[in-house]
Structures are given as structure tokens and as C-alpha cells.
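A short reminder: the numbers here are calculations on the coordinates, not readings from a lab. Since this is a predicted model, take the numbers as computed values, not measurements.
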Amino acid sequence: MKPHHQYERRLIGSMVKNTAAAVALLLCLNGCGIFSTLTQTTRRIVREAAEQGAHLQKTVAIAAFGYGISPSKHSLEKRMQASLSERMQTRCPSVYLVSSKDAAHRDLLVSLPRYATGTINNFQLAEKGREKGFNAVIVGQSVDIHEDVEEKGLLWFKDTHRYARINVMIDVYDTATGTKLVGGSHIRKIDVNDDGLSRIKSGDYNVPAIDDALLDISDRAAEEICAEMQIQRWNAYILASDKTGVTLSAGSRAGLTVGDILEVYSNTETISGTGGQRFYLPPKKVGEVRIASLASDQAKARRVSGDEMAPGDLVFFKQVR
């Protein structure tokens with residue numbers, strides 16, 4: 001066994017040993033601290049083991065953009081989602097992108113689970129995403145566009161400059177942890193003439209400069225999301241389990257083949273943050289399975305070792321040594 005592979009095994013083993021310490025540390029922090037610490041820990045682990053299953057295709061879903069939007073903005077939300085989907089497919093050939101247009105997933109991707117405050121229920125989103133075999137879910141809030149004003153020039157030479165400001169919030173939730181892999185606001189200034197500003201203020205968003213801004217935002221967001229997904233370790237989930245084996249949420253489309261061995265990790269322990277948020281703690285290994293048969297989106301696997309396997313458990317590709 002090569003030294004760096006031995007290190008990867010020791011790293012995963014240490015995850016289990018350090019779980020109690022991690023819980024104590026996280027409980028000492030506020031909600032923001034819990035989110036930040038858990039995200040950083042998870043990213044470090046997956047990056048150091050990223051080569052395992054690097055040839056396998058991840059599944060990422062893009063939810064319908066916006067919620068509670070006025071009819072006048074509806075077309076703008078659709079254009080933003082379509083633009084991001086197009087850029088994702090161009091930039092991320094190793095990612096299989098699922099859209100809210102897919103009838104099999106509309107129940108989740110059109111009506112996302114939310115808290116009473118209206119914010120995304122990250123834990124329920126992760127749970128439901130696992131059932132569908134998603135590695136991550138892209139969530140875009142309403143596209144905000146309005147007129148803004150600034151003064152340009154010096155002293156008495158100052159002049160008032162009017163322009164449109166567009167703001168798009170795009171977050172990416174990891175189904176393995178419930179945390180955000182990517183999150184933030186994308187803001188662009190749009191220089192338009194008085195007629196363009198008048199049309200925007202009246203709710204007419206058929207302005208060429210808006211399409212240019214949406215394309216630029218989509219390109220930058222897709223670049224960031226694809227880079228993050230590339231360093232994430234591939235995983236799938238157990239959908240069902242019995243005495244003989246398990247059913248997995250990934251199949252031949254992901255690149256799995258009969259005979260592949262996967263490591264199974266129990267992922268049931270959680271921790272709570274502020275505002276009712278919950279996150280999954282680092283998992284512990286409970287056994288291994290071998291792929292016995294394949295469909296496009298699912299696989300049947302026989303137990304190689306371990307017997308405490310349940311729906312929702314994580315599976316990782318075991319690198320052939």
C-alpha cells in the first residue's frame with residue numbers, strides 16, 4: 001500500500017476517533033460558527049481523499065429560481081435558471097445536471113422545503129436530495145433588479161449617473177452534510193439609457209443589457225460551482241437495505257461497473273445550530289459492498305463486510321490498490 005493511501009485511511013479513521021471532540025467544539029460555537037467549522041472540516045476531509053472515485057460522475061440538481069415572486073419577474077427568473085443551466089453543462093462535463101423541468105423531481109425542485117421564516121430548510125433538503133441521489137442542490141432566490149443613482153466627477157463638476165443594479169443570490173447545498181458548498185450574492189451594474197430604465201421600472205425586463213448581465217453572472221457562478229464540485233469526493237446513498245445487500249442511488253450513468261467495491265459510512269448523527277438548522281456530523285465506516293447489477297440510476301450491491309447498513313448511509317468508491 002502506498003504511503004499517501006495509508007495516510008488517507010488513517011485520516012478517515014481519525015474522523016471517527018475525533019467525533020466526540022468535534023461535537024464538543026461545535027457546541028461551544030454559535031450558529032454561524034457551527035456552519036463555518038463543519039463546512040471547513042468536511043471540505044478538508046473530502047479534498048484529502050478526492051482521488052477516490054474521481055472518474056465517477058456526480059449528480060447536481062438546479063431548483064426553480066425564486067419564490068413568492070410577482071408575475072412580472074417570472075420570465076427573469078426563468079432566464080436566469082436557463083442561463084446557469086447552460087453554463088453548467090458547458091463547464092462541468094463530469095457533472096450530471098438535473099433540472100426542475102424533470103417531472104420526476106419537480107416535487108422537490110419546484111417546492112423546496114423551508115422554515116416558517118421562508119429560509120431554506122437545509123436538513124430536509126439534504127434528506128430529500130439523498131432519496132433522489134443528488135450530491136448537491138443549486139438554489140437561486142429571486143432576481144432583484146432596480147434603478148440606482150450615483151454621483152460622478154469632482155466638486156462642482158459632479159454629475160448624476162443613473163443605472164440599473166441586478167442582484168442574484170445563488171447557494172449550493174451539499175446533501176452529505178446539509179451545509180453550503182457555495183453561497184453568495186452576484187451583483188452587476190447595468191448601464192442603460194433612460195428608455196431602458198423606464199422599461200425596467202415598469203417591469204419590462206426585455207432589455208439586451210440585462211441578458212448580458214445574466215450571462216456574466218451565470219458564467220461566474222458556474223465556474224465557482226464546477227470548481228467546488230470537482231474537489232468534492234464522489235458519493236452515493238443507500239436507498240434500501242435487506243439481509244443480502246443494498247440498493248444504491250447511483251448506477252451505470254455515474255460510471256459504476258459490476259464488481260466495484262464501495263465503502264459504507266453511517267451518517268445518522270446530527271448537530272443543531274441556531275434558527276433550527278441541523279447538520280450531519282462526519283460519518284463512520286460500517287462495512288463494504290460490491291456492485292452486483294446495474295441500472296442507469298441505481299445499483300444492487302452485495303455485502304462484503306458489515307451488517308449495520310440503512311437507508312441514507314453514504315457510500316464511497318474504494319480505490320483499487
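Subtracting the Cα-Cα distance from 0.36 nm times the residue separation, let me have the gained length for Gln230 to Ser185 in nm, one decimal.
Computed gain between Gln230 and Ser185 is 14.0 nm.
Please list, in order along segment 126-139, the HN-Hα scalar couplings obtained from phi with the Karplus expression 6.51 cos²θ - 1.76 cosθ + 1.60 (θ = phi - 60°), rounded to whole Hz, x for Gly and Pro.
5, 4, 5, x, 4, 4, 9, x, 7, 8, 7, 10, 8, 10
When the expected Rg is taken as 2.2 N^0.38 Å, what fraction or multiple of it is the alpha-carbon Rg of segment 58-146?
1.08
For segment 214-321, rounded, prolate or oblate, judged on the Cα gyration tensor with a ≥ b ≥ c (square roots of eigenvalues), a/c < 1.5 rounded, else prolate if a/b > b/c?
oblate
Remind me, what semi-axes does segment 58-231 give for its equivalent ellipsoid, largest first in whole Å, using sqrt of 5 times each Cα gyration tensor eigenvalue? Don't skip to the end; give the middle numbers.
Numbers: eigenvalues 218, 56, 44 Å².
After diagonalising the Cα gyration tensor, the semi-axes are 33, 17, 15 Å.
Quick one: what do you get for segment 191-259 if you divide its Cα Rg by 2.2 N^0.38 Å?
Segment 191-259 yields a ratio of 2.09.
Report ³J(HN,Hα) in whole Hz for each residue of segment 217-234, in order, from the Karplus equation J = 6.51 cos²θ - 1.76 cosθ + 1.60 where θ = phi - 60°; Gly and Pro get x.
Running phi through 6.51 cos²θ - 1.76 cosθ + 1.60 with θ = phi - 60° gives 4, 4, 5, 5, 5, 5, 4, 5, 5, 5, 5, 5, 5, 5, 8, 7, 5, 5 Hz.
Under the definition of Cα pairs under 8 Å and six or more residues apart, what whole-number percent is the relative contact order of segment 58-231?
About 25 percent, as a whole number.
Cα gyration tensor of segment 162-204, axes a ≥ b ≥ c as square roots of the eigenvalues: rounded (a/c below 1.5), prolate (a/b > b/c) or oblate?
Details: a/c = 7.31, a/b = 3.46, b/c = 2.11.
Prolate shape, in that a/c is at least 1.5 and a/b is the bigger ratio.
Could you tell me the distance between the Cα centroids of segment 193-237 and segment 242-265, to the nearest Å?
Distance between centres, Cα-based: 36 Å.
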